[in-house]
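These notes concern the structure reproduced below.
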Amino acid sequence: MSAQVKLSVNGLPVEVPAGASVAAAVAQVTMQFRRSVSDTRRAPLCGMGVCFECRVQVDGVAHVRACMTAVTEGMQVTTDA
Ligand code: FES
């Protein structure tokens, strides 16, 4: 049994297995990760750090690729979708 990590996504509590990506945690709350410059809602596309469609704010740092970032205890994630 793997350890669980507790964090928040858009202010909502989320619990995922240790080692999970921020994208996996966000997907438990919403599949709308960000908005494009033309105000279109965007979501992860490649899942491997190339497309940048999964960018979210993590602990106040903008433009973090959710698919490339592992969750940590108490992390605060915010989407703009
Ligand atoms: S889903 Fe493409 S960079 Fe994260």
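The values are calculated or read from the model by the stated rules, or taken from the named source; none is laboratory data. Everything numeric in this text was worked out from a predicted model, so none of it was measured. Note: ideal-geometry Cβ built from the backbone for every residue, glycine included; neighbour counts use all protein chains shown. All accessible areas refer to the heavy atoms of the entire protein, side chains included, with ligands and DNA or RNA removed. Shrake-Rupley method; radii C 1.70, N 1.55, O 1.52, S 1.80 Å.
A few remarks follow.
- Meets criteria (without any contact (Cβ under 8 Å) to a residue 24 or more places away in the chain, within 13 Å of residue 80 (Cβ to Cβ), of a type in the set (A, V, I, L, M) and more than 15 Å from the ligand (Cβ to nearest atom)) for residue 37: yes
- Residues in the stretch 54-64 that are touching a Phe, Trp or Tyr at 6+ places or on another chain (Cβ under 9 Å) and within 20 Å of residue 14 (Cβ to Cβ): 54, 55, 56.
- Those strands (runs of 3 or more DSSP E) lying entirely in the stretch 16-81 with at least 2 residues open to solvent by 70 Å² or more (accessible area, probe 1.4 Å): 61-65
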